[in-house]
Amino acid sequence: MATGWLVLKNDIIALDLPLKYYIAQCIQQGYVPWWINTWEMGFPLHSPLCWSIFNPITLLFSLASPYHIYQLHTEWLLYVWAAGVGMYRLGRFALRWDTNAALYAGMVYMLSGFVLANAQFLGFIAAVAYTPFVLANYLQLLQKPNATRAISLVFWGYCMLTGSYPAFMLVGCYVLLGALLHHLYQQYRRLSLPLFAQQIKVIAWWHGISLALFVLVSLPLLYGLYDILSHLNHPAALDVSAVSSNYLHPISLLGWLLPAFSVSEKVLGVTTLMQGVYMGLPTFVLCISVVKRPKLFGTQTLGLLLAAIFFVGAALAHHLPIRAFMFWYVPLMQYFRHAGLLRYFGLLFFLLAMGRYYTLLLQAPNNSLISKNLTKAWQTTLGLLALIGVLIMAHIYQNQLNPSYQISLLSRFLPHADIRYFWLMQVLGQFILLWAMYKCYTNHQTKLFKILLCVDLVMAAWLNLPFTVISQYSATDIMQKMPSVQGFPIQNRTANAVKSTLTDNRGNKWYNINVFSKQISTQPTYTGSLTLQNANKWYASKLYPTTANNPIVYLSHDYRPLSALNQTDSCNIYAQTVFLPDTAYKNLPKPIAKLFANDTLSLLSIKPNQITVQVSSNAPQMLCLIQNYYPHWKAYYNHKPLVIMPINHIFMGINIPAGKGIVTWIYQPTTIIWLSYLSLVVWAMMIATLVLKSRFCIS
């Protein structure tokens, strides 16, 4: 991926790449990207959580170099690597695992089925990277609270809030609450009541400090989120069927043993993105062994396994009532779909339950306590794998699946392979690998055994990575289809003449290509959840596509009340026709009969947060701008403020007087700007605290 030989596709190319490219272009040319004018006729960039301009990693990449496909892959790989490092830190320093056990847990975590199956969702991968750091710092803050750990927790929590899919933050808060309750229960059992009361005061103090700092640094984003909720096309709360979409199919649980089984969309009939569950063959073997050994099975392990079962059950959506229970009785669980993403927390808790026993696995030949159990567990897993392989092959032959269907990245090397032989190779390969691990374990070949552990994860990565997230195009092909333009040029073409979606000769669609050329387009495209209500109203109304054939700014003498739209025939709506709210229409002068021939209008500049126009009009008219109507826009005519009115459901219009003048449209979210300054001051105070503390400790 770093070299461009393998290229990710779908959402990471359609959404992440253009947005991050635009942010980088603005920052490198000295602009703060509060507004992106080329994203479906304008969108506030200070509001979305997953693609926030406040994310430190986004800002770092934006400052470093021009953002394109290579930088996108580098960021993706950085998150995957950080996920492994975070899990190692969580296990080694917060949970006090052995070094080898924490290292192997980090490898399992970063190459798990969840990471690879959701490779096209950068927000998912970012959440996987941030979560172990948040959990590690929180556990350390509970154990030995101090300023350094509180500030570290605030930093990683802020990164997760500004750079990951919001659902992970919502569920993660409940995970932290569970960790707090478990810690208080342990302290209650261990300490006397006076000491326990004192401990609660200490915990409450540091929680209050951490929460206050987190809220202060996050105020710009939180206010921006509050500001945009009423304008988004995506509803705030979903229904039960929506939150159960993209669920984990029960048959995909067989992916614990056969990695590629969780990425076969034709077999399951559901999206491949929510099916990966592989955590390594030794983890499955160790689970069987630990469950069979009650002396090793403590209450902490039991609690973690129950939590894992709970979240995996929630990921199954309608197959179990857990997700519906969360919807009705757990606050904030109504605000995200993709039920299958909940399996991530199931895999996380399962890994935390097994991680403490990885030491026994790696040293098992010299540990008589678990050696016999592990030997039986290897044999049981071998038999189970053979049985499942036979049943799966019988099922595949019976259903006569498409022989040429490609299910994983390995299919790139076998493009014409029959899927039945592909399954047979996978079953045989997993069986041989498991048998080799078993022989190395019983023969005390520790070094070779550890090598096979790595081979298992690497091979699973190729099998777990779905073909549906890997593009057949090279990085060079993508850069040619999305050529970037330096600076912010003046757009001479009409908005409807600019393509926002490109369909190539293979029939593949490339979305939001106008972001790279920095051209405003009124053509519909794919914008995910970043869609304003006004845009959908306009696309669904009689006004589209007639009024889409205008330049970015235009004069109109034909303005009517919005209440007359339903009585107006579509053939009587012209390109310059403007429909205003009834209250605004009553306060305007009567429209003139026609435009004067010597009326002129010219664009002077188009910048991320500002559009400047020179206009000459012989009579008062309506000056229209093809940008989404949003509260923080301000308009000035020769430096005098004018009232902005929503027109045609979506755009902005101002009533200009007769004469010559300069009209400037400025997007200026004043409250968010001041909150950003406050956030910077708080960050500076925290950094100063760390510096002073380190100098004091040294002295």
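So here's what we get for this one:
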{"item": "Cross-link reach list, aspartates and glutamates versus LYS481, counting only Cα pairs under 17 Å and skipping chain neighbours closer than eight places", "result": "ASP11, ASP16, ASP504"}
{"item": "Net dipole in debye of the range 487-569 [+1 Lys, Arg Cβ; -1 Asp, Glu Cβ; about Cα centre; nearest 20]", "result": "180 debye"}
{"item": "Within the chain, longest stretch free of exposed trypsin sites (Lys or Arg not before Pro) [DSSP loop, at most 14 other beta carbons within 10 Å]", "result": "97-492"}
{"item": "Mean accessible surface per residue for the chain, computed with a 1.4 Å probe while every protein chain stays in place, in Å²", "result": "42 Å²"}
{"item": "Degrees, to the nearest 10: 166-190 long Cα axis against longest axis of the chain", "result": "40 degrees"}
{"item": "Calculated [θ] (222 nm, deg cm²/dmol) that DSSP helices of n ≥ 4 give over the chain, each run adding -39,500 (n - 2.57)", "result": "-16000 deg cm²/dmol"}
{"item": "The range 171-227: C-alpha gyration tensor shape, a/c 1.5 cut-off, then a/b vs b/c", "result": "oblate"}
{"item": "Inter-probe distance in nm under a simple model that places probes 7 Å from Cα toward Cβ, at ALA179 and ASN100", "result": "2.7 nm"}
{"item": "R0 of 41 Å, Cβ-Cβ distance ASN566-LEU77: FRET efficiency to nearest 0.05", "result": "0.15"}
{"item": "Anchor LYS450: lysines whose Cα lies under 19 Å away (excluding residues fewer than 8 positions away in-chain)", "result": "LYS439"}
{"item": "Cα long-axis angle, helix 193-228 against the chain (0 to 90 degrees, to the nearest 10)", "result": "40 degrees"}
{"item": "P(r) weight above 21 Å for the range 1-150, C-alpha pairs, percent", "result": "52 percent"}
{"item": "The chain: relative contact order as a whole-number percent, Cα under 8 Å and 6+ apart", "result": "16 percent"}
{"item": "Unit charges at the beta carbon, dipole of the chain: most positive-side option, ALA619, HIS183, ILE573", "result": "HIS183"}
{"item": "Acute angle (nearest 10 degrees) that the helix 343-355 long axis makes with the longest principal axis of the chain, alpha-carbon atoms", "result": "30 degrees"}
{"item": "Orientation-averaged projected area, Cα convex hull of the range 451-598 (nm²)", "result": "15.3 nm²"}
{"item": "Rounded if a/c under 1.5, otherwise prolate or oblate - the range 15-69, Cα gyration tensor axes", "result": "rounded"}
{"item": "Contour minus Cα-Cα distance for ILE662 and MET685 (0.36 nm per residue)", "result": "4.0 nm"}
{"item": "Calculated FRET efficiency for the pair ALA197/HIS318, C-beta based, R₀ 45 Å, to 0.05", "result": "0.50"}
{"item": "Partners for LYS693 among lysines (Cα-Cα distance below 25 Å; same-chain residues under 8 apart left out)", "result": "LYS144, LYS201"}
{"item": "Cα-based shape type of the range 323-367, given that a ≥ b ≥ c are square roots of the gyration tensor eigenvalues and the cut on a/c is 1.5", "result": "prolate"}
{"item": "Dimensionless Rg/Rh of the range 556-683 - Kirkwood Rh, Rg from C-alpha atoms", "result": "1.04"}
{"item": "Spin-label model distance (nm) - PHE431 vs ALA64, 7 Å beyond Cα toward Cβ", "result": "4.6 nm"}
{"item": "The range 603-687 - percent of accessible surface contributed by carbon and sulfur, probe 1.4 Å", "result": "66 percent"}
{"item": "Convex hull volume per residue for the range 35-105, taking Cα atoms only, in Å³", "result": "127 Å³"}
{"item": "Dimensionless Rg ratio for the range 451-536, taking C-alpha atoms and the 2.2 N^0.38 Å reference", "result": "1.56"}
{"item": "Sulfur and carbon atoms: percent of accessible area, the range 482-566 [1.4 Å]", "result": "50 percent"}
{"item": "Violating pairs (Cα-Cα greater than 23 angstrom) within the set LYS20/LYS537; LYS499/LYS607; LYS537/LYS607", "result": "LYS20/LYS537; LYS537/LYS607"}
{"item": "Label-point separation in nm, LEU306 to SER616, each point 7 Å along Cα→Cβ", "result": "8.1 nm"}
{"item": "Carbon and sulfur %, accessible surface of the range 37-186 computed with the full protein complex present, 1.4 Å", "result": "72 percent"}
{"item": "Radius of gyration, Dmax [the chain; alpha carbons; angstrom]", "result": "29.0, 97"}
{"item": "Selected from PHE155, VAL290, GLN486, residue furthest toward positive end of dipole (the chain; charges at beta carbon)", "result": "VAL290"}
{"item": "Förster radius 30 Å - calculated FRET efficiency between LYS447 and TRP5, Cβ distance, rounded to 0.05", "result": "0.45"}
{"item": "Cut-off of 10 Å, at most 13 other beta carbons, DSSP loop: longest stretch of the chain lacking such chymotrypsin sites (Phe, Trp or Tyr not before Pro)", "result": "6-412"}
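The values are calculated or read from the model by the stated rules, or taken from the named source; none is laboratory data. Keep in mind that this is a model prediction, so the values were computed, not measured. When we count neighbours, we look across all protein chains shown, and the Cβ atoms used for this are built from the backbone with ideal geometry, even at glycine. Quick note on the areas: whole protein, heavy atoms, side chains included, nothing else; ligands and nucleic acids left out. Shrake-Rupley method; radii C 1.70, N 1.55, O 1.52, S 1.80 Å.
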